Amino acid sequence: MTTRIAHCACRQLQVETEDEPLIVSMCHCTECQRRTGSPFGLGAWYPTGKVKVRGETRNFVRPIEGRTVTNHFCPHCGGTVMWEASKREGLVAVAVGMFADPEFPPPARSIFEEMKHPWVEFRGKMDHLR
């Protein structure tokens with residue numbers, strides 16, 4: 001069994017994951033760009049029961065096409081460590097960068113590619129969704 005710890009910059013908010021993620025997704029939507037300050041967001045999706053949260057969180061609920069995405073962030077340093085999408089009930093995504101692990105599994109899926117920055121290039125095999 002693989003156990004990993006993700007945490008925000010101040011380390012107050014920590015997430016411990018159990019096992020490998022179900023999938024790692026790279027999202028190019030403008031909301032993920034705003035959330036991360038990067039041209040894409042990278043999330044590792046786990047069943048909720050495989051994620052343990054320690055520390056205080058604040059939530060920001062964003063409506064999207066009749067659904068919601070709830071971002072869970074640290075109230076001290078502001079880092080968004082994880083999020084839940086109402087479309088993916090029973091799952092939680094952990095921001096891959098919060099693991100700070102260069103050996104973390106690469107993305108298997110790239111989504112909202114119509115909003116992808118033209119200079120972003122891909123290596124490796126993954127599904128490409130517009």
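The values are calculated or read from the model by the stated rules, or taken from the named source; none is laboratory data. Since this is a predicted model, take the numbers as computed values, not measurements. Note: ideal-geometry Cβ built from the backbone for every residue, glycine included; neighbour counts use all protein chains shown.
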Qualifying residue in segment 120-130 (condition: modelled with pLDDT under 95, among the charged types (D, E, K, R), under 30 Å from Met1 (Cα atoms) and in contact with a Lys or Arg (Cβ under 9 Å, 6 or more places away or on another chain)): yes
Selection count where residues are surrounded by 15 or more Cβ atoms within 10 Å (Cβ to Cβ) and either touching a Gly at 6+ places or on another chain (Cβ under 6 Å) or among the charged types (D, E, K, R) (or both), scope segment 24-36: 5
Hits in segment 8-18 - residues which are closer than 30 Å to Lys125 by Cβ and buried (at least 18 other Cβ atoms within 10 Å of the Cβ): Val15, Thr17
Residues (modelled with pLDDT of 95 or more and among the hydroxyl-bearing types (Ser, Thr, Tyr)) located in segment 39-79: Tyr46, Thr48, Thr57, Thr70
Any chance Phe73 is in contact (Cβ under 8 Å) with a residue 60 or more places away in the chain, buried (at least 20 other Cβ atoms within 10 Å of the Cβ), more than 25 Å from Lys125 (Cα to Cα) and of a type in the set (Phe, Trp, Tyr): yes
His28 of a type outside the set (D, E, K, R) and closer than 25 Å to Asp127 by Cα: yes
Criterion: of a type in the set (A, V, I, L, M, F, W, C) and either under 21 Å from Glu114 (Cα atoms) or surrounded by 13 or more Cβ atoms within 10 Å (Cβ to Cβ) (or both) - qualifying residue of Val61, Val51: Val51
Filtered residues of segment 44-95 (kept if outside any strand (DSSP E or B), within 16 Å of Arg34 (Cα to Cα) and within 14 Å of the chain's Cα centre (by Cα)): Gly79
Residue satisfying condition, being part of a loop (DSSP other than H, G, I, E, B), buried (at least 20 other Cβ atoms within 10 Å of the Cβ) and in contact (Cβ under 8 Å) with a residue 40 or more places away in the chain, within set Pro105, Pro39, Pro21: Pro21
